[in-house]
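Here is the structure we will look at.
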Amino acid sequence: MRQPNERSCDTPSVAEIAIRVLDSDEIDRVAAVLGLSRLHQGDGFYLVAWRGREPLGHAHLALTDPPELQDVSVRPEHRRQGVASAITGQASSRTFRSANRPAGRSPLHSTCH
């Protein structure tokens, strides 16, 4: 019997996931499976997790003060595989690089709805 935190051999690894900013030619593909309710909000961008050409999940990073991570979403069949953690880690890295903050202090604010 598999332990709760143990991966099966067919579970993809987080290393196979690419996180990148949503490109205009990817909007239809992502919107079809995840939705993009904040696409025209105008204060940030979406980070999308991909495995090959398949969108797995996304989050909107609002470039407010402080930056805010919004609408983190992972498709049900890809949950509990580290996708949301990879997305939030990338968002945090991007805010650290863009802000001159002391080490250990996250400039990223996240909200739950």
Signed unit charges on C-beta, dipole axis of segment 17-100, positive-most listed residue Ser85, Leu36, Leu47: Ser85
Run the numbers for Ala32 and Arg75: contour at 0.36 nm per residue of separation, minus the present Cα-Cα distance, in nm. 14.3 nm
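What's the FRET efficiency of Gln41 with Glu16 using the Cβ-Cβ distance as r and R₀ = 35 Å, to the nearest 0.05?
Details: r = 30 Å, r/R0 = 0.86.
So, using R0 = 35 Å, E works out to roughly 0.70.
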Is there a quick way to get the dipole size of segment 33-73? I mean about its Cα centre, with the Cβ of Lys and Arg at +1 and of Asp and Glu at -1; what is the value in debye to the nearest 20? 260
Spin-label point model (7 Å from Cα, Cβ direction): what's the Leu63 to Asp23 distance in nm? 2.0
So what are segment 17-100's ellipsoid semi-axes, whole angstrom, largest first, if each one is the square root of 5 times an eigenvalue of the alpha-carbon gyration tensor? 20, 15, 11
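Only the coordinates and a few stated rules stand behind these numbers; no lab work does. Quick caveat, the model's predicted, so the values are computed rather than measured. Here the Cβ is made from the backbone with ideal geometry for all residues, glycine too, and neighbour counts use every protein chain on show.
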